[in-house]
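For reference, the structure discussed in these notes is given below.
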Amino acid sequence: MIRIALPKGRLMNETAAILKKAGWELPGYYDGMRIYRIKSGRFPELFTKVIHEEDIPVQVAIGNYDLGITSLDWAQELIVKYPESAVVEIKELGYGDGMLFAAAYAYGRISNLKELSENPGTVRIASEYPNLAEHLAANLRLRRFRIFPLWGGPEAYPPEHAEVVLIVRKSERELVGCGLKSLGKILDCKACLIANKISWETADMAEIIASICDNLPSSQAGSNAAIVYGTTSPYPPDDSWGAVPDDVVRLALPDGHQQVHVKRILEAAKVSINDYPSETGSRRPVSSLEGVVIKVIRPQDMLVQVAGGYFDLAITGRDWLADHLYQFPASPVKELLDLKYGRVRIVAVVTNEVPVKDIQEFRQYCAGRNIKVRVATEYTNIADMYARMSRLGRYRVIPTWGATEAFLPDDADIVIENTETGTTIAKNNLKIIDTLFESTACLVGSSNEVKNAVKRRRINNIIQVLRKGVEEIQLAGH
């Protein structure tokens, strides 16, 4: 049986169109799908799984899949760190246009990579591609550098929290709308077909590969057209973040679906906030809170930023706080206030075919089969601690970028996942065998002493404002 991993996300629609043209007959492969294993009418013996494109190179490399369609940037993110990995790039597929840029603040002094290499200070590089970032730093012979691995939203970090970001956009002009300028293109990010090296050398995959390659777009005319958000940066040279006084509080607010909840709490406390959520993609809203500057970043990235002193306060989830503290027990980050929204359970999940009802029975089941337990999760540090505390014996934690339930049962034996209702878990023929803890959104800050009395007073005021907003919402019965 040949196994292929198909991408979720930005490559899905174009991939689906090519496979439809090739007559694969893949019902259910469309944006918004809620299942992960689909059958091909043309290739009934083909095992097809849909996962995030970021996870596909690793899964192909370790032999869980013979073939995969991903983006070249994610293939290179693996290969640049593990050049001997068992991944073979078969063909660029000609769609999914994008480029990985090294970019800096639009009004900064550095204009190109050569000038960056001559920087005598510490260069901070923020990116979802930490391996490519480290590779770039080594090639530029940077004297001192720090890499900030991110889950997303790198455009929020320059100039205060990073000198450089690695970011994917369709053109240099797209960077303008993010308040950035290109220092240089790192690589093209088109879709590509990859294979496991052993499978490529031993398995008969010719018909499957030919069906893909023979139905690629004959012309990519117009596909490189940029989505232009503006011709000038929305962030002027006198941006308020440029030189934040000691008494100003730096607050990180979450992006994504959490924004509506945060805005509701602020409005309940009679605090106005403009451009949040932002229709233009700005990550710098303005509020009526005195002496506070705000940035919008991913909740997963907030803990390291607060621990490093780059933000004073942040709104994230207790799940990500726990994951951070398991990795860094001495971190100064602590919870300041439970915001009481976004309640989810962090659970251990297995497939219904596994004859167990709790983690104790699962441990005995795995011991009886003498296997190395594969634990897939976004919460790598929570999972590592849980596997040790549950005495699972030999185990391996598999990091994922989401949709973790898709890894069962073929690519993992157990997953650590968050769930609100458990509906998606049940729909995918899975079951919960343990609840690790409950998580809600929370305000976090540093346990280190705030020496500036004005800032200390402002931090306490923000805590009280948010507490009032939460109480008002609870009294209103929402």
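Here the 3J(HN,Hα) profile of the range 345-360, calculated from phi with Karplus coefficients 6.51, -1.76 and 1.60 at θ = phi - 60°, is 9, 8, 10, 9, 10, 9, 6, 4, 6, 7, x, 9, 10, 8, 5, 5 Hz, Gly and Pro shown as x.
Arrange the following residues from fewest to most other Cβ atoms within 10 Å of their Cβ: Asp323, Asp97, Asp55, Asp247. Please list the in-between numbers first.
Working: Asp323 24, Asp97 18, Asp55 27, Asp247 14.
By the 10 Å Cβ count, ascending: Asp247, Asp97, Asp323, Asp55.
Given the DSSP H assignment, sum -39500 (n - 2.57) over each helix run of at least 4 residues in the chain and divide by its residue total; what's the result at 222 nm in deg cm²/dmol, nearest 500? Numbers along the way, then the final one.
Values: 15 runs with 136 residues, N = 478.
Calculated from helices alone, the mean residue ellipticity at 222 nm is -8000 deg cm²/dmol.
Amide H contacts of Ala314: Ala252, Val444, each under 5 Å away and 5 or more positions distant or on a separate chain (H built 1.01 Å from N in the peptide plane; Pro and chain starts excluded). The base-10 log of I(q)/I(0) for the range 99-188, evaluated at q = 0.11, 0.12, 0.21 Å⁻¹, reads -0.24, -0.28, -0.95 [Debye formula, identical scatterers on Cα atoms, solvent excluded].
With an a/c value of 1.5 or above and a/b not larger than b/c for the gyration tensor axes a ≥ b ≥ c computed over the alpha-carbon atoms, the range 237-330 is described as oblate. Partners of Lys114 within straight-line reach, counting lysines whose Cα lies under 18 Å from its Cα and excluding those fewer than 8 residues away in the same chain: Lys181, Lys185.
Annotation: amide H-H contacts under 5 Å for Met33 (H modelled 1.01 Å from N, sequence separation of 5 or more, or interchain): none. Express in whole angstrom the spacing between the alpha-carbon centres of the range 428-446 and the range 146-211. Between the Cα centre of the range 428-446 and that of the range 146-211, the gap is 30 Å.
Ordering Thr421, Thr316 by the number of other Cβ atoms within 10 Å of each residue's own Cβ, fewest first, gives Thr421, Thr316. Among the listed values (1) -0.54, -0.86, -1.04; (2) -0.66, -0.96, -1.11; (3) -0.65, -0.86, -0.95, the one matching log10 I(q)/I(0) by the Debye sum over Cα atoms at q = 0.08, 0.10, 0.11 Å⁻¹ as calculated from this structure is (1). The 3J(HN,Hα) values that the Karplus relation (6.51, -1.76, 1.60; θ = phi - 60°) gives for the range 145-159 are, in residue order, 8, 10, 9, 10, x, 10, 8, x, x, x, 5, 6, 8, x, x Hz. Gly and Pro appear as x.
The Ala206 and Asn429 beta-carbon pair, evaluated with R₀ = 41 Å, returns a calculated FRET efficiency of approximately 0.80.
Ranking request for peptides 463-472, 168-177, 137-146, 64-73: highest mean number of other beta-carbon atoms within 10 Å first, then the rest in descending order. Display every interim value, and only then the final one.
Numbers: 463-472: 17.3, 168-177: 19.3, 137-146: 14.7, 64-73: 25.6.
Ranking the peptides 463-472, 168-177, 137-146, 64-73 by packing returns 64-73, 168-177, 463-472, 137-146.
Each value in this text was obtained by applying a stated rule to the coordinates, not by laboratory testing. All figures in this text were calculated on a predicted structure; none of them were measured in a lab. Cβ coordinates were reconstructed from backbone atoms using ideal geometry, including for glycine residues, and neighbour counts include every protein chain displayed.
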